[in-house]
Every structure is written in structure tokens, then in C-alpha cells.
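The values are calculated or read from the model by the stated rules, or taken from the named source; none is laboratory data. Quantities reported herein were computed from a predicted structural model and do not represent experimental measurements. Backbone-built Cβ (ideal geometry, glycine too); neighbour counts: all protein chains shown.
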Amino acid sequence: MAKEPAVPKAQAQSNDWSASDQSLLDASLAATPTQRIAWLEEALQLAYATGALKPRRIMTQEEWDAMGSSPQ
């Protein structure tokens, strides 16, 4: 059985992806941590606004403590 020639991963991806997908990937990989956090905050705001995520309520100290105690 003949072994297939090794193709660099980046080249293999670019063959399978459209130009816009590749541009998005390149931009995502080049983003700074600050840019990534900003994107995450925007995604979370959208998720809350659309109802995809429900806001969580703040737990009381008693509820928090009760979560850590398990009957033995």
C-alpha cells in the first residue's frame, strides 16, 4: 500500500476551506487576548439578549456552603 505524501496542515486546511473561512481563521488566530475577551463579551451579551442563556442569580453563603457538604 502506497503511503500518501505528507501535506502541511495549513495547506490542507486552505484546500478544504473557502477564502472567507480561511480569512476568518487567520484573523482569529492573530487576535490578541484583549480582542478575544471583547469577542467573548459580545457573544455573551448576544446570548443573554436572545434568551439562549439565562441570567444566573447570586447564591447566598448558606447555599454555597450547602453545595460543598455531602452526607457521609
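Looking only at residues in region 21-31 that are among the polar types (S, T, N, Q) and at pLDDT 85 or above, the one that is surrounded by the most Cβ atoms within 10 Å (Cβ to Cβ) is Gln22. All conditions in (1) at pLDDT 85 or above; (2) not in a helix (DSSP H, G or I) hold for Lys3, with the sole exception of (1).
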